[in-house]
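Novice: To start, I am sharing the structure in question, which I have written as structure tokens.
Derivation of every value follows stated rules applied to the coordinates shown; laboratory data play no part. The structure displayed is predicted, hence computed values, not measured ones. In this analysis, Cβ positions are derived from the backbone assuming ideal geometry, glycine residues included, and neighbour counts consider all displayed protein chains.
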Amino acid sequence: MSKNVVITGANRGIGLAMTKHFLAQGEQVFALCRQASAELSALAVNVIENVDVASESGLDTMVSALAGVSIDVLVCNAGILRDESLGKLSIATIREQFEVNALAPLCVVERLHTQLNPGAKVALITSRMGSIADNSSGGRYGYRMSKAALNAAAMSLRHDLAAQNIAVGIYHPGYVQTDMVNYGGDISANEAAGKLVNLINQLTMAESGVFKHSNGSVLPW
């Protein structure tokens, strides 16, 4: 029987590639985005537009469109990257990244957690740049801080959803060739998405709350 998979930020990059991989598995995919791309619209999935996960109206649109849907896999993928350095701090972009990268995924889970089936899975696409131990270069204040905050939220979700037998995956996709990094990565979105989907497929309660690289290695906090 096919599973109901919900993915945020599904119009491009890793989200679009994950949509394709889940579709190829025969799953029923609900692809959420602010505006659909031509490539997403061409797929046989349920495209839900006008979902800005950092806004109340976007979350309301999501909830309305998914009313009555029992969810087996929820992937919080939408995120943004800005650049700040000491001496050139932009509090506005730091706040923006907290809104999108940390608060929005938590709000998505909050709005949809009652629709998660027992035994469902929640996957949060984070970054190793949210690791404090792994920070060897500094800078990127908003991105690093927002992803660290997301990781903290993910661990709380791991505990709070355990009673429903819902596992939480915390995943760094790798340095992926997407628009976010001007396509300067070392792994394609398709390859990264394939690895992430495999990790989600294999996720069990025993590994709920483990911070992983898409290659399967465990990352430091």
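Novice: Among Glu99, Glu39, which comes first, then next, by fewest other beta-carbon atoms within 10 Å? Provide the component values of the computation, followed by the final result.
Specialist: Details: Glu99 16, Glu39 12.
Final ranking by Cβ density, sparse to dense: Glu39, Glu99.
Novice: Shifting gears a bit: Report the calculated FRET efficiency for Ile187 and Ser217 (r = Cβ-Cβ distance, R0 = 22 Å), to the nearest 0.05. Spell out each step's value before the answer.
Specialist: On the way: r = 14 Å, r/R0 = 0.63.
Once rounded, the FRET efficiency stands at 0.95.
Novice: Using a 10 Å cut-off around each Cβ, can you sort Cys76, Cys107 from fewest to most neighbouring Cβ atoms?
Specialist: Working: Cys76 29, Cys107 19.
So the residues, fewest neighbours to most, are Cys107, Cys76.
Novice: Under a point-charge model restricted to the Cβ atoms of Lys and Arg (+1) and Asp and Glu (-1), what is the dipole moment magnitude of the chain relative to its Cα centre, in debye to the nearest 20? Before the final figure, lay out the partial values.
Specialist: Numbers: 16 positive and 18 negative charges, 74 e Å.
Dipole about the Cα centre, nearest 20: 360 debye.
Novice: In addition: Report the one residue of Ser217, Tyr141, Val51 whose Cα lies farthest in the direction of the positive end of the charge dipole of the chain (charges on C-beta: Lys and Arg +1, Asp and Glu -1; origin at the Cα centre).
Specialist: In the chain, that residue is Ser217.
Novice: Relative to the compact globular guide of 2.2 N^0.38 Å, what is the alpha carbon radius of gyration of region 73-184, as a ratio?
Specialist: Numbers: Rg = 14.8 Å, N = 112, 2.2 N^0.38 = 13.2 Å.
Ratio of Cα Rg to 2.2 N^0.38 Å: 1.12.
Novice: In what order do Met205, Met18 fall by count of nearby beta-carbon atoms within 10 Å, going from fewest to most?
Specialist: Going from sparsest to densest Cβ surroundings: Met205, Met18.
Novice: State which entries of Lys3/Lys195; Lys121/Lys212; Lys121/Lys195; Lys20/Lys147 exceed 21 angstrom in Cα-Cα distance in the structure shown.
Specialist: Numbers: Lys3/Lys195 19 Å; Lys121/Lys212 15 Å; Lys121/Lys195 16 Å; Lys20/Lys147 25 Å.
Correct reply: Lys20/Lys147.
Novice: With a cut-off of 8 Å between alpha carbons and a minimum separation of six or more residues, what is the relative contact order of region 4-213 in percent? Can you show the working numbers first?
Specialist: Values: 407 pairs, mean separation 42.4, N = 210.
Rounded, it is 20 percent for region 4-213.
Novice: Hey, another quick one. Could you give the length gained by full extension between Val63 and Ala163, i.e. 0.36 nm per residue of separation minus their alpha carbon distance, to one decimal place?
Specialist: Numbers: separation 100, 0.36 × 100 = 36.00 nm, distance 2.31 nm.
Gain on extension, Val63 to Ala163, equals 33.7 nm.
Novice: Across the chain, how large is the tail of the calculated P(r) beyond 24 Å, expressed as a percent of all Cα pairs?
Specialist: 38
Novice: Run the numbers for Ser70 and Ser55: contour at 0.36 nm per residue of separation, minus the present Cα-Cα distance, in nm.
Specialist: On the way: separation 15, 0.36 × 15 = 5.40 nm, distance 2.31 nm.
Gain in length upon complete extension: 3.1 nm.
Novice: Distance in nm between label sites at Asn46 and Glu207, each 7 Å beyond Cα in the beta-carbon direction?
Specialist: So the label points at Asn46 and Glu207 sit 2.8 nm apart.
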